[in-house]
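One structure below.
The values are calculated or read from the model by the stated rules, or taken from the named source; none is laboratory data. Model, not experiment: these values are computed from the prediction. Cβ atoms come from the backbone with ideal geometry, glycine included; neighbour counts cover every protein chain shown.
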Amino acid sequence: MSDPLFARFGRAYAPGDVLFREGEAGEVMFVIQSGAVRISKNIGGMDKILAVLGPGEFLGEMAILNGRPRSATATVVEPTRCLLIEAKTLESMVARNAEIALRLIKKLAKRLDSADSLVEILMHRDPKARVMLSLARHADAFGEHTTDGVLVRVTPEEIAAEVGVDVEIAYEVMARLRRLRLVTEEQGAIVVADVGRLQDFLEFLEMPQKFGGES
């Protein structure tokens with residue numbers, strides 16, 4: 001069965017294709033129908049992964065909303081189909097449909113919260129906690145709900161790079177979370193069985209530090 005939206009606005013991409021690069025002018029935004037796209041930013045000469053977005057997510061909207069250059073780079077990580085929406089089309093859709101405008105506002109607000117969370121994570125002194133907090137952030141902001149839990153399209157190596165810890169620490173944390181049956185790992189992804197339980201476990205680990213600081 002043909003997809004009229006994809007026939008009009010769609011394009012297919014292969015792994016490794018770059019949708020846009022940091023610093024480029026932006027003329028379109030992308031809505032992911034299937035597949036996954038990695039968002040990264042060059043910080044201190046190193047590429048830091050900000051998010052990996054899956055079906056239903058959109059990206060590239062800020063450049064066409066504020067007219068500024070792209071603030072990050074978007075790279076396809078698996079076979080992906082996207083709808084390409086130009087600025088005039090987006091403005092028309094928002095003007096005609098309040099639900100689209102509200103969804104856009106909510107998504108932008110959630111991403112701002114996620115960016116604030118990343119700053120707080122990077123300030124945390126415990127490297128193992130940074131790994132778990134990063135995983136929880138990705139699951140909450142960008143995770144895809146499945147029958148087995150929340151699918152997070154990041155690897156331990158990518159999390160380690162994001163929060164500035166040795167990759168061996170990320171492996172150690174993941175091994176512990178697997179033993180606790182809080183996560184399972186797939187190729188290029190992590191499945192969080194229960195985000196609430198992961199957050200509860202983090203709070204439990206931080207309790208001795210809190211009480212120790214008050215004594």
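Condition (residue is over 20 Å from TYR13 (Cβ atoms), of a type outside the set (S, T, N, Q) and touching a Phe, Trp or Tyr at 6+ places or on another chain (Cβ under 6 Å)) applied to the range 72-80: is it met by at least one residue?
Looking only at the range 72-80, we keep the residues that are over 20 Å from TYR13 (Cβ atoms), and these are none.
Scanning the range 72-80 turns up no residue that is over 20 Å from TYR13 (Cβ atoms), of a type outside the set (S, T, N, Q) and touching a Phe, Trp or Tyr at 6+ places or on another chain (Cβ under 6 Å).
Do you know which residues across the range 53-62 are assigned to a helix (DSSP H, G or I) and surrounded by 19 or more Cβ atoms within 10 Å (Cβ to Cβ)? Before you say what the answer is, go through the steps one by one.
Just the residues of the range 53-62 that are assigned to a helix (DSSP H, G or I), to begin with: 61-62.
Residue satisfying the conditions is GLU61 alone.
Counting only residues that are charged (D, E, K, R) and surrounded by 16 or more Cβ atoms within 10 Å (Cβ to Cβ), how many does the range 79-106 have?
Pass one, the range 79-106, residues charged (D, E, K, R): 81, 86, 88, 91, 96, 99, 103, 106.
Subset that is surrounded by 16 or more Cβ atoms within 10 Å (Cβ to Cβ): 81.
Number of matching residues: 1.
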How about the range 147-199: which of its residues are in contact (Cβ under 8 Å) with a residue 40 or more places away in the chain, part of a helix (DSSP H, G or I) and within 22 Å of GLY45 (Cα to Cα)? GLU158, ALA161, GLU162, VAL163
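Rundown of residues vs (1) part of a helix (DSSP H, G or I); (2) touching a residue at least 12 places away in the same chain (Cβ under 8 Å); (3) outside the structural domain of GLY56 (by TED's automatic domain parsing), yes/no style:
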residue	(1), (2), (3)
GLU91	yes, no, no
ARG103	yes, no, yes
LEU108	yes, yes, yes
LEU112	yes, no, yes
LEU118	yes, yes, yes
ALA129	yes, yes, yes
MET132	yes, yes, yes
If you check LEU50, LEU65, LEU84, which single one turns out to be part of a strand (DSSP E or B) and more than 22 Å from ALA136 (Cα to Cα)? LEU84
